[in-house]
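The values are calculated or read from the model by the stated rules, or taken from the named source; none is laboratory data. For clarity, every value in this text was computed on a predicted model and none was experimentally measured. Positions of Cβ are generated from backbone atoms using ideal geometry, with glycine treated the same way; all protein chains shown enter the neighbour counts. Just so you know, the surface numbers come from the protein's heavy atoms only, side chains and all, with ligands and any DNA or RNA stripped out. Shrake-Rupley method; radii C 1.70, N 1.55, O 1.52, S 1.80 Å.
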Amino acid sequence: RTPFTQIDQEKTREARKRARSRAHAVFVHDPEVLDQRFAELWHNVEILLGAESLSKVDAAIWKPFEKPPGDDSNPSPEQQFTLFKEQLSRENAKEVFQVALDDALKRLRQTGLLNALPPDHEANYQFIAVRPRLSTDIRDVAIEEVLIEPVMKRLQADFRAKMLTQELADAAHRWLRDRLPSTLTLDVEATRDAQDKAEKEVQPILRKYASEATSDNVLALANEPLDEESIQLLELEYESFLSQRTWISNINRSLAVIGLYAALAALCGCYVYSRDRSILHSMRSLVTLLGLIVTSVGIAILLADTVRGWQAELMPILIFGMTAAIAYRQELAFLLSTAVAIIFIVAVGQTLNDILILMAATAGAILVLGRIRSRSKLLIVGFVAAIVVFFTSLGVNTLAGLPIYPTVLVQSARLALWAVIAGSLMTCLLPFVEWIFGVQTDISLIELGDPAHPLLQELIRRAPGTYNHSITIASLAENAAEAIGARGLLVRVGAYFHDIGKMLKPGYFIENQSQGDNRHESLVPAMSTLVIIAHVKDGADLARQHRLPEAVINFIQQHHGTTLVEFFYRQASQQRINEGGEEIDESTFRYPGPKPQTKEVAVLMIADAVEGASRVLAEPTPSRIESLVHDITMKRLEDGQLNECGITLSEIHRVEESLAKSLIAVYHGRVKYPEPETA
């Protein structure tokens, strides 16, 4: 293996903890109170020297100088007072006494005094850092030099060494012993800063792992689940391996990865170009698809890094597969999901086993997805994907030699849980997927086909004949679409709305006219044609105003294609022949198009034409109906109206059979009841 080093966290923590404990706590020193105490001492001495007797001295002034009561050999207070004055009155005694006090004050001003360490002191117990209150200079002082108890002992010894008599030294010591205050205050913030600084200065302690595995530098144990520490060691060893590779190796690997990604892109691009070229025709669709791929891979990598060991990366890849299956073909969804899984695996450095697990999960979800007619469908898809990924993970990891219990079972159950969560999230994300990709699932189509829709209600009110015509066509076209494997529900909803433009001028369309009320009799054929053709544009405008999906608007715009308005064309041609004029341009009597672009619209076009023609059959026998359906279908085919929708001749034949069967059921023969006899 590749040798590497790792930070020994435990030893580093201990070293930093010791560094914090060795840092000097910072105390703020206020020496002014010392000046006041020593000035008070000297002032009291002056008062005692000027007093004639003890009786004329305030007891509070003399009492601190007095030796405490002891055995009978101690002199009386009057004797002590007399001796005190006598000794201070000697030559230079007063000056020596004051010099000793000044020296003591000078030392105490430098170090300060402290009764005891405060409870919140959590630093060095041998030294402290002292900073004067009005200064930034800091000096380190031993704690023994500032604690009042040992300071007073040293002060007594100094007084005895410097003053003329021991009695004077003890008297000064007795006065100061109970009056010296604590002048040091702990600066908590400065202390914490000093501790933090000391901690940061500690360098991490490294542990070396040699290339030869020994008992004290094992990275991971065989046949044992990997814990967090083992995973971290293996990652460090891998990073060390990568850092020691030559630049040629790095270039070769980078070229290999780029080549793999380029091959995936070329494969997916060729498939899209040959099978679903509409994605390439719209920049918005292409950018949306590429953005979804990048986002899914990015989220998967982020989850793999942040939630290590939980296999949460399955969730975004599974959601991507379901989203692609809803927005595009299932085959394209599986291809793109496989590419996303491979990109992710290469990016994070996982194994072939992980690719198999991800591909199995997405394949299971995509194959079961199909049409979404209920909210529970996505939950079912999630559970199916969970079952697939559970058993796939169980088999793959068992073949890899991992222990079934608990490692493989726990990992498989965890993956199954993420699959169920992905299905649940997809239920919430479905409206956003429909909006972003401009697709309609069966759920949204069922909601859209509600008769209570404002446009349908307005159609019922303004053009009831057109509404009934649309309902009839919806039933015919849905069955025909289902016969060729097209989306029958989409055709039905498209049929509901395909003639909504007629509600603006309902009286000009025969299904809304009463007997003898034909408004076209007062119009020339060209004007009548414009009125008839206008219902396509009016319907598309109404649909956009009510924010109908583009798939439904396509039915409105394409259900007539570029067909000829034959009745008025022939009428105009006959008038022109009678007048001896030139031949009429046929294009002025054709719908603007476009021609049907999908099989669903093509089915609706045929059903619309067949339903209208069947109404005028004198005797709608089955043979006549079948002949009518075939003739109209062939007419649309020969006119080129079905050239752009991708429908095959076999599918056209099945559409004919379905429409004929439905119309025969509508116009079935009836038993003629006998006329009632009169009495």
(request) Scan region 486-497 and report the pairs whose first residue is over 15 Å from THR472 (Cβ atoms) and whose second residue is open to solvent by less than 10 Å² (accessible area, probe 1.4 Å) and among the charged types (D, E, K, R), with Cβ atoms within less than 6 Å and a gap of 6+ or a chain change. (result) LEU489/ASP442
(message) Could you check region 263-283 and list, in sequence order, the residues that are surrounded by 11 or more Cβ atoms within 10 Å (Cβ to Cβ), of a type outside the set (Ser, Thr, Tyr) and either within 30 Å of the chain's Cα centre (by Cα) or over 17 Å from VAL439 (Cα atoms) (or both)?
(response) ALA263, LEU264, ALA265, LEU267, CYS268, GLY269, VAL272, ARG275, ILE279, LEU280
(request) State the number of residues belonging to region 450-472 that are within 13 Å of GLY539 (Cα to Cα) and of a type in the set (Val, Ile, Thr). (result) 1
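Tell me, please, whether a residue that is of a type in the set (A, V, I, L, M, F, W, C), at pLDDT below 90 and out of contact with any strand residue (DSSP E or B) (no Cβ under 9 Å at 6 or more places or on another chain) can be found in region 592-612.
Step one: filter region 592-612 for residues of a type in the set (A, V, I, L, M, F, W, C), giving 601-607, 609-610.
Right, trim to at pLDDT below 90 and you get none.
No, region 592-612 contains no residue that is of a type in the set (A, V, I, L, M, F, W, C), at pLDDT below 90 and out of contact with any strand residue (DSSP E or B) (no Cβ under 9 Å at 6 or more places or on another chain).
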(message) Please count how many residues of region 517-576 are at pLDDT 85 or above, over 24 Å from ILE436 (Cβ atoms) and part of a loop (DSSP other than H, G, I, E, B).
(response) 6
(request) For region 309-329, state whether one or more residues are part of a helix (DSSP H, G or I), among the polar types (S, T, N, Q) and surrounded by fewer than 20 Cβ atoms within 10 Å (Cβ to Cβ). (result) no
(request) Determine whether SER376 is touching a His at 6+ places or on another chain (Cβ under 7 Å) and of a type in the set (Ser, Thr, Tyr). (result) no
(request) Could you look through region 577-591, keep only residues that are modelled with pLDDT of 85 or more and not charged (D, E, K, R), and pick out the one that is surrounded by the most Cβ atoms within 10 Å (Cβ to Cβ)? (result) PHE589
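Within region 638-648, which residues are within 12 Å of LYS599 (Cα to Cα) and open to solvent by 70 Å² or more (accessible area, probe 1.4 Å)? Working first, answer last.
Of region 638-648, the ones within 12 Å of LYS599 (Cα to Cα) are 641-648.
The answer is ASN643, GLU644.
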(request) Please specify each residue of region 415-431 satisfying the condition of being open to solvent by 50 Å² or more (accessible area, probe 1.4 Å) and either out of contact with any Ser or Thr (no Cβ under 9 Å at 6 or more places or on another chain) or of a type in the set (S, T, N, Q) (or both). (result) LEU417, ILE421, LEU425, CYS428
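Open to solvent by 90 Å² or more (accessible area, probe 1.4 Å) and within 23 Å of the chain's Cα centre (by Cα): does that describe TRP247? Even if it seems obvious, please write down each step before you answer.
Values: open to solvent by 90 Å² or more (accessible area, probe 1.4 Å): yes; within 23 Å of the chain's Cα centre (by Cα): no.
Criteria not met by TRP247.
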(message) Looking at region 342-360, I want the residues that are touching a residue at least 24 places away in the same chain (Cβ under 8 Å) and part of a helix (DSSP H, G or I) and have a partner that is of a type outside the set (Val, Ile, Thr) and open to solvent by 40 Å² or more (accessible area, probe 1.4 Å) with Cβ atoms under 7 Å, at least 6 apart or on another chain. Which pairs are those?
(response) ILE343/TYR261; VAL346/LEU260; ASN353/ALA400
(request) For residues that are closer than 17 Å to PRO594 by Cα, open to solvent by 10 Å² or more (accessible area, probe 1.4 Å), aliphatic (A, V, I, L, M) and under 40 Å from the mean Cα position of the chain (by Cα), tally how many sit in region 540-564. (result) 1
(message) Looking only at region 86-124, count every residue that is within 60 Å of the chain's Cα centre (by Cα), touching a residue at least 12 places away in the same chain (Cβ under 8 Å) and surrounded by fewer than 13 Cβ atoms within 10 Å (Cβ to Cβ) and tell me the total.
(response) 2
(message) Give all pairs with beta carbons closer than 9 Å in which a residue from region 147-165 that is touching a residue at least 40 places away in the same chain (Cβ under 8 Å) meets a residue that is surrounded by 16 or more Cβ atoms within 10 Å (Cβ to Cβ) and hydroxyl-bearing (Ser, Thr, Tyr); count only pairs at least 6 apart in sequence or on separate chains.
(response) VAL151/THR111
(request) Go through region 616-643 residue by residue and tally those that are at pLDDT below 90 and either part of a loop (DSSP other than H, G, I, E, B) or under 16 Å from VAL603 (Cα atoms) (or both). (result) 6
(request) Go through (1) touching a Pro at 6+ places or on another chain (Cβ under 7 Å); (2) part of a loop (DSSP other than H, G, I, E, B) one by one and return the number of the condition GLY401 breaks. (result) (1)
(message) Can you pull out every residue in region 136-185 that is among the acidic types (Asp, Glu), in a helix (DSSP H, G or I) and open to solvent by 60 Å² or more (accessible area, probe 1.4 Å)?
(response) GLU144, GLU145, GLU149, GLU167
(request) Please work out which residue is most open to solvent (accessible area, probe 1.4 Å), limiting yourself to region 603-630 and to residues that are over 56 Å from the mean Cα position of the chain (by Cα) and of a type in the set (D, E, K, R). (result) ARG615
(request) Go through (1) in a helix (DSSP H, G or I); (2) hydrophobic (A, V, I, L, M, F, W, C); (3) closer than 16 Å to GLU550 by Cα; (4) touching a helix residue (DSSP H, G or I) at 6+ places or on another chain (Cβ under 7 Å) one by one and return the number of the condition PHE432 breaks. (result) (4)
(request) State all residues of region 12-51 that are free of Cβ contacts under 8 Å to residues at least 60 places away in the same chain and either of a type in the set (Gly, Ala, Ser) or open to solvent by less than 70 Å² (accessible area, probe 1.4 Å) (or both); if no residue qualifies, say none. (result) ALA39, TRP42, VAL45, ILE47, LEU48, LEU49, GLY50, ALA51
